[in-house]
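Have a look at the structure below, then the notes.
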Amino acid sequence: LRSCVHAVEIDFGGFTTVPSRLVDLVLGAPTASRLKALDFGSVTVISPELVLRLASGLGALSNLQLPYGFDGGPQFFRSLVLARPTIVKLNLAFCCIDHEGLKIICEGLRLEHLDLAYNEIRLAGPLAIEAIVESPCAQNLRSIEVAGSRFSPACVLRLLRGCPKLA
């Protein structure tokens, strides 16, 4: 962290657990003010509080991938939106998010990319699509990943019509 002063991304893929001490080191590093992306995809243990500490402490953060299986609940997503409203790329693949959490994210963030892959258990159907297309996020969204989700053709069409910048 001291020698990589030009780093703009941290991939925590080599860690199964992200302890508080590591978060302290990241936040105190010379590169902290330049970090734009955090990837926790394969991390198995990190508390919602530590994710929020990083989000609020990294002023340039705009790209966040939450850990697979992560379940912070609606209050976590409210806090994330308040801590870092500048996030434009959010990866929630394999996370546990429901319609309320999705609505909070889409109302509070001006996302350009959203990954909801493999969230079909708690997040599916017209309610999820409505949470996206009836939010301010719909006007900025350029890409969305919904692999493994059970959206009907009508839902996909609604998503495409409701998000004019989707490519």
How many percent of the accessible area of the chain is carbon or sulfur, using a 1.4 Å probe?
-> 57
Given the protein chains as shown and a 1.4 Å probe, how many square angstrom of Phe94 are accessible, to the nearest 10?
-> 100
Rounded to the nearest 10 Å², the accessible area of Glu107 using a 1.4 Å probe with every protein chain kept is 90
Within straight-line cross-link reach of Lys103, lysines at Cα separation under 21 Å, skipping those fewer than 8 residues along the same chain | Lys89, Lys165
So the compactness index of region 1-40, its C-alpha Rg divided by 2.2 N^0.38 Å, takes the value 1.09
The alpha-carbon center of region 55-87 and that of region 105-167 are separated, in whole Å, by 18
222 nm [θ] for the chain, helices only, -39500 (n - 2.57) per DSSP H run of 4+, per residue, to 500?
-> -10000 deg cm²/dmol
In terms of the Cα gyration tensor, with a ≥ b ≥ c the square roots of its eigenvalues, is region 84-144 rounded because a/c is under 1.5, prolate because a/b exceeds b/c, or oblate?
-> prolate
What accessible area per residue comes out for region 52-100, rounded to a whole number of Å², with a 1.4 Å probe?
-> 39
Mind putting together the pair-distance distribution for the chain? All Cα pairs, 5 Å bins, whole percent per bin, short to long.
-> 2, 9, 18, 23, 19, 13, 9, 5, 2, 0, 0
Sorted largest first, the Cα spans of region 110-167 on the principal axes come out in Å as 26, 19, 18
With every protein chain left in place, what is the accessible area of Arg21 in Å² (1.4 Å probe, nearest 10)?
-> 150
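The values are calculated or read from the model by the stated rules, or taken from the named source; none is laboratory data. What you are looking at is a predicted structure, and each value in this text was computed from that prediction instead of being measured. In case anyone asks, the SASA skips ligands and DNA or RNA and just uses the protein heavy atoms, side chains included. Shrake-Rupley method; radii C 1.70, N 1.55, O 1.52, S 1.80 Å.
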